[in-house]
């Protein structure tokens, strides 16, 4: 598959490893005859190690066959996250190394997830774009604070910390983007 045809979310082989494309930057040189280059940000599957590479439009990357199954998060089994297939109730176990940073967004009963399988083996999980998480600790709103909404740190029920607007209080549920890791509204 040519670099110019690759889209976000594609899974490719590079240097003998499997990677998922997370971000693509296209740059066109201003000089005549210059080649268009694509800068790919990709993460290893499994393991979620980050790698940035640059390729010319005609460079080839081998696409890997990945099966996606719609799943809901069920429970932890030791260090493994257990997801259940919404159609046939099959269970998929993914270790912490396969889940990576996504672990901070996973709560009991989380729906709208996808497990990615290569040769029938679960290698990665794809979360919904936003998840609802409870704020377990944040500073109280400052009375008489100016109209500028300064963000403040808030610890969420899964243990991750994000910046939230001053008016958010402990015990509230907030929407968090699983793409950027940022606050995206009240739940």
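Each residue in region 107-132 was checked for being modelled with pLDDT under 95 and in contact with a helix residue (DSSP H, G or I) (Cβ under 8 Å, 6 or more places away or on another chain), and 5 of them qualify. Summed over region 129-141, residues that are part of a strand (DSSP E or B) and closer than 28 Å to residue 70 by Cα total 6.
Yes/no per residue for (1) modelled with pLDDT of 85 or more; (2) farther than 18 Å from residue 98 by Cβ:
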| residue | (1), (2) |
| --- | --- |
| 9 | no, no |
| 35 | no, yes |
| 40 | yes, yes |
| 50 | yes, no |
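Of all residues in region 58-82, exactly one satisfies the criterion of being over 22 Å from the mean Cα position of the chain (by Cα) and over 26 Å from residue 41 (Cα atoms), namely 78.
Yes or no: region 110-128 includes at least one residue that is in a loop (DSSP other than H, G, I, E, B), outside the structural domain of residue 18 (by TED's automatic domain parsing) and over 20 Å from residue 20 (Cα atoms). Looking for residues that are in a loop (DSSP other than H, G, I, E, B), outside the structural domain of residue 18 (by TED's automatic domain parsing) and over 20 Å from residue 20 (Cα atoms), one finds at least one in region 110-128, hence yes. Given the condition assigned to a loop (DSSP other than H, G, I, E, B), closer than 21 Å to residue 127 by Cβ, in the same structural domain as residue 115 (by TED's automatic domain parsing) and touching a helix residue (DSSP H, G or I) at 6+ places or on another chain (Cβ under 9 Å), answer yes or no: does some residue in region 48-57 qualify? Among the residues of region 48-57, not one is assigned to a loop (DSSP other than H, G, I, E, B), closer than 21 Å to residue 127 by Cβ, in the same structural domain as residue 115 (by TED's automatic domain parsing) and touching a helix residue (DSSP H, G or I) at 6+ places or on another chain (Cβ under 9 Å), which makes the answer no.
The values are calculated or read from the model by the stated rules, or taken from the named source; none is laboratory data. Since the structure is predicted, the reported quantities are computational estimates derived from the model, not experimental observations. Don't worry about glycine lacking a Cβ; one is built from the backbone with ideal geometry, like all the others, and counts go over all protein chains shown.
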